[in-house]
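A.B. asks: Let me give you the structure first, and then I'll get to my questions.
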Amino acid sequence: MPRPATHGNSRLALRIGANEKATILRAVALKQTDMTDFVLKTVLREAESVIRDAERIKLSARDSRRVMQLLEDPPAPNAKLMGAARTLPPVRR
């Protein structure tokens, strides 16, 4: 199926073996799409998953308990924190 031209598109070349290409072509046929759409959607989905996992903070059980403790009973602000707060612009409401 021909694809419409898009502005500002870029090419991505891949070197793959015959078996890998045959597997991709089989999946493309089963999805009734073209290779570009299939590869792009699949790669983007995986890329977004990798980014999401990399940007997520993972805490141990001990660290999670410590965060909850600090949220429930925060320490008093020290001089350095109070100084930083004084440099903030006033809040507009």
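The values are calculated or read from the model by the stated rules, or taken from the named source; none is laboratory data. As the structure is a computational prediction, the values presented were derived from the model and not from experiment. Cβ coordinates were reconstructed from backbone atoms using ideal geometry, including for glycine residues, and neighbour counts include every protein chain displayed.
A.B. asks: Restricted to the range 9-20, and to residues that are at pLDDT 85 or above and polar (S, T, N, Q), which residue is nearest to the chain's Cα centre (by Cα)? Break it down stepwise before answering.
C.D. replies: Step one: list which residues in the range 9-20 are at pLDDT 85 or above, which gives 10-20.
This time we only want the ones that are polar (S, T, N, Q), so: 10, 19.
On the way: 10: 21, 19: 30 Å.
So, considering only residues that are at pLDDT 85 or above and polar (S, T, N, Q), the one nearest to the chain's Cα centre (by Cα) is 10.
A.B. asks: Is it the case that residue 50 is touching a Leu at 6+ places or on another chain (Cβ under 9 Å), assigned to a helix (DSSP H, G or I) and at negative phi?
C.D. replies: No; evaluated as a whole, the condition is false for this residue.
A.B. asks: Among the candidates 6, 23, 33, 42, single out the residue that is modelled with pLDDT of 95 or more and outside any helix (DSSP H, G or I). Spell out how you get there, then give the answer.
C.D. replies: Details: 6 fails: modelled with pLDDT of 95 or more; 23 fails: outside any helix (DSSP H, G or I); 42 fails: outside any helix (DSSP H, G or I).
The unique qualifying residue is 33.
A.B. asks: Can you name every residue in the range 53-93 that is among the hydrophobic types (A, V, I, L, M, F, W, C) and either under 30 Å from residue 12 (Cβ atoms) or assigned to a loop (DSSP other than H, G, I, E, B) (or both)?
C.D. replies: Restricting attention to the range 53-93, the residues satisfying the condition of being among the hydrophobic types (A, V, I, L, M, F, W, C) are 54, 57, 59, 61, 67-68, 70-71, 76, 79, 81-82, 84-85, 88, 91.
Passing the criteria: 54, 57, 59, 76, 88, 91.
A.B. asks: How many residues are loosely packed, with under 10 Cβ neighbours inside 10 Å, of a type outside the set (Ser, Thr, Tyr) and modelled with pLDDT of 95 or more when one looks only at the range 56-73? Reasoning before the result, please.
C.D. replies: Filtering the range 56-73 for residues loosely packed, with under 10 Cβ neighbours inside 10 Å gives 56-58, 60-62, 71-73.
So of that shortlist, the ones also of a type outside the set (Ser, Thr, Tyr) come out as 56-58, 61-62, 71-73.
If we keep only those that are modelled with pLDDT of 95 or more too, we end up with 61-62, 71-73.
Final tally of qualifying residues: 5.
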